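Down below is the structure, laid out as structure tokens.
The values are calculated or read from the model by the stated rules, or taken from the named source; none is laboratory data. Just so it is clear, the model here is predicted, and its values are computed rather than measured. A quick note on method: Cβ atoms are made from the backbone with ideal geometry, for glycine too, and the neighbour counts reach across all protein chains shown. To get the accessible areas, we keep the full protein, side chains included, count just its heavy atoms, and leave off ligands, DNA and RNA. Shrake-Rupley method; radii C 1.70, N 1.55, O 1.52, S 1.80 Å.
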Amino acid sequence: MQRITTPALAEAFIAEQITALRQQIGSKKVLLALSGGVDSSVVAALLIKAVGTQLTCVHVNHGLLRKGEPEQVVEVFRNQMKANLIYVDAVDRFLNKLAGVADPEQKRKIIGSEFIRVFEEEARKLKDIEFLAQGTIYPDILESDGVKAHHNVGGLPADLQFKLVEPVKLLFKDEVRVVGKALGLPDSMVFRQPFPGPGLGVRCTGAITRDRLEALRESDAILRDEFAKNGLAGKVWQYFTIVPDYKSTGVRDGKRLWDWPVIIRAVNTRDAMTATVENVPFELLQHITQRILTEVKGVNRVLFDLSPKPCATIEWE
Ligand code: XMP
């Protein structure tokens, strides 16, 4: 099969898929969990072109998304593409379930299973849904059992099974991006760096608290803003901040502080099995540090993680 590497090939793929999707779906209804990541966004855009409002997208805001992401999903899909989008504010529900849970695997399980429960509840409210669309891509088929892995917590219950619609399942990530661009999705969606399923949850180490999560979201937004302004966004493979669950002393305006550190991580890799640290200019690190210390509440130190993988993993938990 020819790889999709150019806009013309993407256009041909889109036309082909629109015909195939219309044939498969007919006048029936389709449901899609739309995270705002590149795979589900491309599937949503394809289905909107093919079957319009026969598609219902469900976006679950679990409180662990990056700054601006839920708003972007609503803006792009509901306001611009006129999609049938259900936005579920499940922030309190997730954060309450996660309160006091420090074990990383337990956190992943809670986030994964709660996500399925929320999606299930929304699916039950809808009538006559016949198909479930998924952003399965070829590496998912190679690496798992042919479905998007939901953190090993199982899928929808037996009485809620739909026929699958998986229009990008033979594509690799770079091909999905070329198709996304041709579909008119914004670059910030199409070329976004990898983001773990459990989101900011694995970067707010230990038991998640709302104030620490806020410090994480704000510091991550500053890092992304500065990397974009300084031509690193698109060049560095993955970059983010971490807020660990311990404090250190500091001083501000002559007063003693007891606040969190923010850790900056910026790595390059081919396959995420090994990774090297990006050589971020020192002046830029100083500028980002200054911004985080001035703009983010509850933070008194900024550190840069110099550890390659191995032996450090890319994420902190
Ligand atoms: P590590 O930390 O294992 O990360 O070096 C390798 C890549 O995988 C991503 N990652 C995850 N992705 N669910 C995901 O969907 C997860 O639980 C998860 N943990 C790590 C990580 O961001 C990096 O790109």
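For the list (1) out of contact with any Leu (no Cβ under 6 Å at 6 or more places or on another chain); (2) free of Cβ contacts under 8 Å to residues at least 24 places away in the same chain; (3) in the same structural domain as LEU95 (by TED's automatic domain parsing), I need the number of the one condition that GLN2 fails.
Against the list (1) out of contact with any Leu (no Cβ under 6 Å at 6 or more places or on another chain); (2) free of Cβ contacts under 8 Å to residues at least 24 places away in the same chain; (3) in the same structural domain as LEU95 (by TED's automatic domain parsing), GLN2 comes up short only on (3).
Test ASP271 against the stated conditions and say whether it is surrounded by fewer than 19 Cβ atoms within 10 Å (Cβ to Cβ), out of contact with any Pro (no Cβ under 7 Å at 6 or more places or on another chain) and under 18 Å from ARG66 (Cβ atoms). Walk me through how you get there before you give the answer.
Details: surrounded by fewer than 19 Cβ atoms within 10 Å (Cβ to Cβ): yes; out of contact with any Pro (no Cβ under 7 Å at 6 or more places or on another chain): yes; under 18 Å from ARG66 (Cβ atoms): no.
No, not satisfied.
Which of the residues spanning segment 5-32 are touching a residue at least 40 places away in the same chain (Cβ under 8 Å), open to solvent by 30 Å² or more (accessible area, probe 1.4 Å) and small (Gly, Ala, Ser)?
Of everything in segment 5-32, just one residue is touching a residue at least 40 places away in the same chain (Cβ under 8 Å), open to solvent by 30 Å² or more (accessible area, probe 1.4 Å) and small (Gly, Ala, Ser), namely ALA20.
Going by what's in this entry, would LYS297 be described as under 25 Å from ALA102 (Cα atoms), within 16 Å of the ligand (Cβ to nearest atom), open to solvent by 40 Å² or more (accessible area, probe 1.4 Å) and outside the structural domain of PRO104 (by TED's automatic domain parsing)?
On the way: under 25 Å from ALA102 (Cα atoms): yes; within 16 Å of the ligand (Cβ to nearest atom): no; open to solvent by 40 Å² or more (accessible area, probe 1.4 Å): yes; outside the structural domain of PRO104 (by TED's automatic domain parsing): yes.
So LYS297 fails the test.
In the set ALA83, ALA102, which member is crowded, with 19+ Cβ neighbours inside 10 Å and of a type outside the set (Lys, Arg)?
Only one candidate qualifies: ALA83.
Select from segment 193-240 the residues that are among the aliphatic types (A, V, I, L, M) and not in a loop (DSSP other than H, G, I, E, B) and list them in ascending order.
Here is the first cut: in segment 193-240, the ones among the aliphatic types (A, V, I, L, M) are 200, 202, 207-208, 213, 215-216, 221-223, 228, 232-233, 236.
Result: LEU200, VAL202, LEU213, ALA215, LEU216, ALA221, ILE222, LEU223, ALA228.
Please go through segment 39-56 and pick out each residue that is open to solvent by less than 40 Å² (accessible area, probe 1.4 Å), part of a helix (DSSP H, G or I) and over 21 Å from PRO194 (Cα atoms). Let's see the steps before the verdict.
Quick first cut of segment 39-56, residues open to solvent by less than 40 Å² (accessible area, probe 1.4 Å) only: 39-48, 50-52, 55-56.
Restricting the remaining residues to those that are part of a helix (DSSP H, G or I) gives 39-48, 50-52.
Answer for segment 39-56, where residues must be open to solvent by less than 40 Å² (accessible area, probe 1.4 Å), part of a helix (DSSP H, G or I) and over 21 Å from PRO194 (Cα atoms): LEU46, LEU47, ILE48, ALA50, VAL51, GLY52.
Can you name every residue in segment 164-194 that is surrounded by fewer than 18 Cβ atoms within 10 Å (Cβ to Cβ) and closer than 30 Å to ILE242 by Cβ?
Residues satisfying the conditions are PHE172, LYS173, ASP174, PRO186, ASP187, SER188, PHE191, GLN193, PRO194.
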